[in-house]
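Following: one structure in structure tokens, then a few remarks.
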Amino acid sequence: MLSYRSSLKPVRKIRYFIFLKDVALLSVTTFGGPQVHLAMFHERFVQQRRYLTEAELLELNALCQILPGPTSTQTITTLGFKIGGPNLAYLTLLIWVLPGVCIMTAAAMGVYYLEQRNLSMQFARFIQPMAVGFMAVAGYRIGQKVIKNRISLALAIATALVAYIFRSPFMTPVVIIIGGLTTGLTYQQHERMDKQPLRVQWANFLLWGGVFIAAAGLGAVTQWLPVRLFENFYRNGSLVFGGGQVLTPMLYNEFVAFKHYLTREEFLSGLGLVQVVPGPVFSFASYIGALTVRGGGLNAQLLGSAVATAGIFLPGTFLIFFVYRFWDQLKRYRVVRASLEGVNAASTGLTAAAAIALFEPMIPHWPSVLVVLGTVVILLLTRTPAWLLILAGLLAGVVL
């Protein structure tokens, strides 16, 4: 028996290495957000490697969609957990996010370099209105999927109005919680399913909650910006439902409208650039983190990027590891399924409010309005990939 187990170890190591190599390949070749990521995961992990079935991948992706955090990152990380446990999962997370994080950190440094030398950023002037178009289309597509009745429509509209009028990051968790509670009351409309007793392992939840409380406490008593940055991003990563499209308005409200760490132009430039970066859209946080501490030099920018990256990705990782272990039992409760409708509707409203707030200053400038409208039309009526549009916008900015 001992020799048999010993013979399995090299086989497992080879399997883990092949899996991580697949993750590394995907991390530099996946563009376009969670929908495109899922298709590439299916091709690589289901059809070629057969790590899991198509039904298992779709259910895993659905679970990640209804939890806070980056959907595609949680999906691929949980697959690593399924194959090799927590250690392989954390390696998977690191390899998956590293290319996008490095590129967005370098982009932030490039923006700061140009600003310091008073060099023109006119080459990116089309990227900013295009980013607003991307956000508007994202909100529309999210709404198509999650707004199914009058209650969810009313929640989305009310959330958009509240978020537009009260541009504070503290409104985000309030409207999300209210949305979930509102539709949770309609649980009787959902099909009853046979329930089993929940067997919950609390370790990862306690880890998530402990870091949340510790970061909030340290952030309240210290003036050191990296600690406060980690708390800001950890809180946002714990509350964002719906992926990168919903994260964007939350970050805009906190770091541009409320705290003024970035200018609106810097934010939109980064939002446009992240569309052409492989891997998760959440790597946008690395750009914001590096620019927030720009005045401290290279080491400070690297630290800002690192704490922002850790803060935005860790909450979703802790929570998916926690829920994944008892998801088969949890999804049978009607109130859980019902509350998710309100959370998703509120997330749609947040995206709409951010798109309106970003578009508003562009109204007097008709070329920007045309670029926004043109981007929306192209995205809705054609299958042109986002990265190709951004590259075309950069080329047009350089030529014109």
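Every number in this text was worked out from the coordinates using simple rules, so none of it is lab data. Because the structure is a prediction, the values reported are computed rather than measured. Reconstructed Cβ throughout: ideal geometry from the backbone, glycine too, with neighbour counts over all protein chains shown.
How much length is gained if the chain between Val398 and Tyr90 is pulled fully straight, taking 0.36 nm per residue apart and subtracting their Cα-Cα distance, in nm to one decimal?
This chain segment gains 106.8 nm when fully extended.
Mind ordering 16-23, 302-309, 172-179, 277-284 by average Cβ neighbours within 10 Å, highest first?
The most tightly packed comes first, giving 277-284, 302-309, 172-179, 16-23.
Set the Förster distance to 51 Å, then compute FRET efficiency between Gln116 and Arg383 from the Cβ-Cβ distance, nearest 0.05.
Step by step, r from the Cβ atoms, then E = 0.80.
How long are the semi-axes of the equivalent ellipsoid of the chain, taking √(5λ) for every eigenvalue λ of the Cα gyration tensor, in whole Å from largest down?
The three semi-axes for the chain are 33, 26, 22 Å.
Distance between Cα centroids, segment 222-272 to segment 176-204: provide it in whole Å.
About 29 Å separates the Cα centre of segment 222-272 from the one of segment 176-204.
By average Cβ neighbour count within 10 Å, what is the ranking of 143-156, 97-110 from highest down?
My ranking of the peptides, most packed first, is 97-110, 143-156.
Return the single residue from Ala285, Ala55, Ala345 with maximal mean-square fluctuation; model: Gaussian network over the chain, springs between Cα atoms under 10 Å.
Ala55
If I require 18 Å or longer along the helix axis, counting alpha carbons, and a Kyte-Doolittle average no lower than 0.0, what helices from the chain are left? Use full DSSP H segments.
What comes out of the filter, once short or polar helices are dropped, is 2-27, 71-116, 127-146, 150-165, 171-184, 203-221, 298-324, 334-359, 366-381, 386-399.
For n ≥ 4 DSSP H runs only, could you compute -39500 (n - 2.57) per run for the chain, divide by its residues and tell me the 222 nm figure to the nearest 500?
It lands at -24500 deg cm²/dmol.
With Cβ to Cβ distances under 14 Å as the rule, what net charge do the other residues near Val46 carry (K, R +1; D, E -1)?
Computed value for this residue: -1.
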